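Any read-out appearing in this document is the output of simple, stated calculations on the displayed coordinates, not a laboratory observation. It should be emphasised that the depicted structure is a prediction, and the values quoted were computed from it without experimental measurement.
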Amino acid sequence: MAIMHKIDLKITHTLGSVVALERAKGLLERLKVQFSGQFTDLEEIWEGNKGDFTATIMGMAVSGSLEVTEEHVILKGDLPTDSSFMGALIEMTIRNQVESVLK
C-alpha cells in the first residue's frame, strides 16, 4: 500500500464566493494545460460550491476536493507518494496556482 501525502490547504481571498467559485472551477483545467504531460485524466464533479476531482499527476493517481466559501478556498487531497519532498513540491505548486487565480 502506498504512503499518502495529505494536502489540506485553506487559502484566503477577498473576491466573494461567486467570483472565487468561477475562478476555482477553471483552476484544474489551467493546471492540466500548464503542466501538460504531467497532469492528465482530469475529472471534476461540481455540486454548488464544492467539487470533487481525480487526476493523474506525474504518473500518480490523485483525488481531492475543493470548497469555495465567501473568504476561503479549501483544497484537500491525497497524493500517493512516499517522498515527502515530491509531495511538498506538488503541494507548493498547487498552492501557488490557487493563489494566482484568486488575485
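What's the Cα-based Rg to Rh of region 40-84, Rh via Kirkwood?
1.04
Give me P(r) over region 4-101, computed from all C-alpha to C-alpha distances, binned every 10 Å, as integer percentages.
That works out to 16, 53, 28, 3, in percent per bin.
What are the semi-axes of the equivalent ellipsoid for region 5-50, taken as the square roots of 5 times the Cα gyration tensor eigenvalues, largest first, in whole Å?
21, 13, 12
I want to check a number: in the chain, how many lysine pairs have alpha carbons closer than 17 Å, given a sequence separation of 8 or more or different chains?
Summing the qualifying lysine pairs gives 9.
Over all Cα pairs of region 59-103, how is the pair count split among 10 Å bins, expressed in % and running from 0 up to the last occupied bin?
23, 52, 22, 2
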